[in-house]
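Engineer: I am attaching a structure below and will ask some questions about it afterwards.
The values are calculated or read from the model by the stated rules, or taken from the named source; none is laboratory data. As the structure is a computational prediction, the values presented were derived from the model and not from experiment. Virtual Cβ from ideal backbone geometry, glycine too; neighbours counted across all protein chains shown. Just so you know, the surface numbers come from the protein's heavy atoms only, side chains and all, with ligands and any DNA or RNA stripped out. Shrake-Rupley method; radii C 1.70, N 1.55, O 1.52, S 1.80 Å.
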Amino acid sequence: MSVIPAGPAFLSDLAARLPEGTLGAVEPRFLSEPRGRWQGVGAAVARPRRVEEVAVIVRACAGAGVGIIPWGGGTGLVGGQVMQDGPAPLILSLDRMAALRAIYPDEHAMVVEAGMTLAQAQAHAQAVARRFPLTLASQGSACLGGVLSTNAGGVNVLRYGNARDLCLGIEAVLPDGSVLHGLKRLRKDNTGYDLRHLLIGAEGTLGVITAASLRLHPVPAAEGTALLAVPGPAAALALLSRAEARLGGLITAFELIGGTGLQFLAEVLPQLRQPFADPPDWMVLVEVGLPEGLSPGAALEDLFAEGAGAGLVTDGLIATSQTQRDAFWHLREMIPEANRRIGAISSHDISLPLGAIPDFIARAGPALRALGDVRINCFGHLGDGNLHYNVFPQRGRTRADDAALREPVKRLVHDMVHAMGGSVSAEHGIGRLKVKDLERYGDPAKLAAMRAIKAALDPGGIMNPGAVLRGQAAG
């Protein structure tokens with residue numbers, strides 16, 4: 001079955017089944033994505049308030065063969081939230097479903113609706129002296145439904161895991177309109193297939209997540225942050241190993257930052273205070289969270305001393321106040337904004353086995369510069385092997401000037417990552433941007449299983465047509 005447009009007759013019939021005001025016109029924000037590469041299409045926007053209304057909407061779309069584009073906060077970077085062509089779909093926004101249904105501090109759990117932003121979830125946890133630790137630059141806009149649907153990562157994966165590691169249960173509407181009631185707060189539940197993990201990371205292609213039970217964590221008694229200059233990625237990796245030996249599971253984040261990132265900040269955001277008078281080529285941003293009785297400042301000083309003695313650290317700054325800690329993190333969080341202002345020829349969200357990272361960085365740079373005169377900004381979550389490896393034009397040029405390099409650059413980076421046992425999508429997902437990449441690099445048995453699951457659960461191909469797997473958008 002091919003999807004059809006959400007035409008006037010269908011919309012009129014659907015509106016009659018829903019509370020007044022649930023269906024509305026498509027605002028421009030529902031048809032765009034942050035990088036401005038695509039403009040989407042849509043016939044109308046549905047904004048339900050209850051899971052039962054979501055079920056009515058999905059059931060109607062399934063019966064008519066109308067495509068549904070789930071919409072969270074619109075912050076996804078691979079086009080999963082926009083369909084740029086094909087039969088105009090119904091856009092399903094859960095922004096009116098943003099309630100805190102329950103919170104259980106002693107259980108370290110809370111139940112929230114999918115339209116709640118990540119920042120709001122963090123605030124609810126903080127209000128009961130707990131922490132929801134998933135942290136993204138877009139957390140003020142990113143909604144939990146989208147965060148779970150893409151299995152988002154962020155800066156704290158080293159300690160707390162990805163979104164799926166922080167989810168205990170899921171409520172979702174499946175493609176036939178049935179409701180999956182899976183909001184149990186259990187840590188152990190071996191009762192057959194775990195549909196929670198099937199829906200997490202599926203990018204809305206197997207159903208619509210409407211609520212989730214989330215795992216909370218204690219707030220560390222004391223936290224500390226350091227920015228340490230290192231000779232290179234190999235030294236950073238060795239320093240990470242020493243830090244883990246010293247502090248075990250107490251390291252919250254370990255970020256690799258290339259000197260190009262600081263140069264870009266100076267170029268487009270000169271008002272930001274630079275941490276080093278002479279920016280190093282490489283540095284790491286380290287954060288620790290310690291229990292009562294331990295000093296994060298002392299722990300970071302000891303790490304600095306050990307690293308310096310081993311030739312792994314050449315300079316460093318240890319924050320002595322919350323203001324300094326915030327300044328270090330603000331610097332890191334503004335690197336993507338600087339990238340956006342300069343305009344990348346090609347951006348890559350990749351992951352590699354930790355031991356392969358130094359070799360990849362050493363080999364990829366010269367290979368890319370053989371293609372053209374480019375700048376490389378490499379930064380990311382070294383602790384979990386996720387790099388944001390982005391290629392830019394030289395100063396005075398724009399990405400449009402070097403548009404011909406985009407495909408060769410992407411192919412070179414992705415081929416090298418794949419050959420080294422890595423992934424071409426570490427935390428952003430597949431969306432529509434990387435469908436061809438999944439086909440090129442994906443394991444054939446895995447792709448066949450994915451297609452079989454999609455066909456079984458969504459035989460009409462109505463759920464996020466064209467995302468992740470090819471062949472659902474045409475009708």
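Engineer: Give me the angle, in degrees from 0 to 90, between the Cα long axis of helix 357-371 and the longest principal axis of the Cα atoms of the chain, rounded to the nearest 10.
Structural biologist: 80 degrees
Engineer: Go through the stretch 340-350 residue by residue and turn each phi into a ³J(HN,Hα) via Karplus (6.51, -1.76, 1.60, θ = phi - 60°); whole Hz please, and just put x for glycine and proline.
Structural biologist: 4, 5, 6, x, 7, 5, 7, 10, 9, 9, 10
Engineer: Mind listing the Cα extents of the stretch 317-453 along all three principal axes, in Å, largest one first?
Structural biologist: Its Cα atoms span 53, 35, 28 Å along the three principal axes.
Engineer: Calculate what fraction, in whole %, of the accessible area of the stretch 216-278 sits on carbon and sulfur atoms when a 1.4 Å probe is rolled over the protein chains.
Structural biologist: 51 percent
Engineer: In degrees between 0 and 90, to the nearest 10, how far off the longest principal axis of the chain does helix 296-309 point, with axes built from Cα atoms?
Structural biologist: The helix 296-309 is inclined about 60 degrees to the chain.
Engineer: Related question: Given the DSSP H assignment, sum -39500 (n - 2.57) over each helix run of at least 4 residues in the chain and divide by its residue total; what's the result at 222 nm in deg cm²/dmol, nearest 500?
Structural biologist: Helix contribution divided over all residues of the chain: -10000 deg cm²/dmol.
Engineer: Using Cα-Cα distances under 8 Å and only pairs 6 or more residues apart, what relative contact order does the chain have, in percent?
Structural biologist: 17 percent
Engineer: Another question, then. For the stretch 365-380 and the stretch 96-175, what is the separation of their C-alpha centers, rounded to whole Å?
Structural biologist: If you average the Cα positions of each part, the centres end up 36 Å apart.
Engineer: Related question: Once ligands and nucleic acids are excluded and a 1.4 Å probe is used, how much of Val179 is accessible, expressed in Å² to the nearest 10?
Structural biologist: 40 Å²
Engineer: Hey, another quick one. Report ³J(HN,Hα) in whole Hz for each residue of the stretch 432-443, in order, from the Karplus equation J = 6.51 cos²θ - 1.76 cosθ + 1.60 where θ = phi - 60°; Gly and Pro get x.
Structural biologist: Calculated HN-Hα couplings, in order: 9, 5, 10, 4, 5, 5, 4, 5, 6, 10, x, 5 Hz.
Engineer: Okay, moving on. Report in % the part of the accessible area of the stretch 106-207 that belongs to carbon and sulfur, leaving out ligands and nucleic acids; probe 1.4 Å.
Structural biologist: Carbon and sulfur atoms account for 50 percent of the accessible area of the stretch 106-207.
Engineer: Rolling a 1.4 Å sphere over the protein heavy atoms, what is the accessible area per residue of the chain, to the nearest Å²?
Structural biologist: Here the per-residue accessible area is 41 Å².
Engineer: Tally Lys/Arg at +1 and Asp/Glu at -1 over every other residue whose Cβ is under 15 Å from the Cβ of Ser321; what's the total?
Structural biologist: Around Ser321, the charge tally is -1.
Engineer: Right, something else. Whole Å is fine, so just give me how far the alpha carbon centre of the stretch 1-39 lies from that of the stretch 422-475.
Structural biologist: 23 Å
Engineer: Working from Cα positions, state the angle (0 to 90°, nearest 10) between the long axis of helix 8-17 and the longest principal axis of the chain.
Structural biologist: The helix 8-17 is inclined about 90 degrees to the chain.
Engineer: What is the sum of charges, Lys and Arg at +1 and Asp and Glu at -1, for the other residues whose Cβ falls under 11 Å from the Cβ of Gly380?
Structural biologist: Net local charge, Gly380 excluded: -3.
Engineer: Report the number of Lys pairs in the chain whose alpha-carbons are under 24 Å apart, with separation of 8 or more residues or on distinct chains.
Structural biologist: 8
Engineer: With Cβ to Cβ distances under 10 Å as the rule, what net charge do the other residues near Asp437 carry (K, R +1; D, E -1)?
Structural biologist: Local net charge: +4.
Engineer: OK, next. Among rounded, prolate and oblate, which fits the stretch 198-345 when a ≥ b ≥ c are the square roots of the eigenvalues of its C-alpha gyration tensor, a/c under 1.5 means rounded, and a/b larger than b/c means prolate?
Structural biologist: Oblate.
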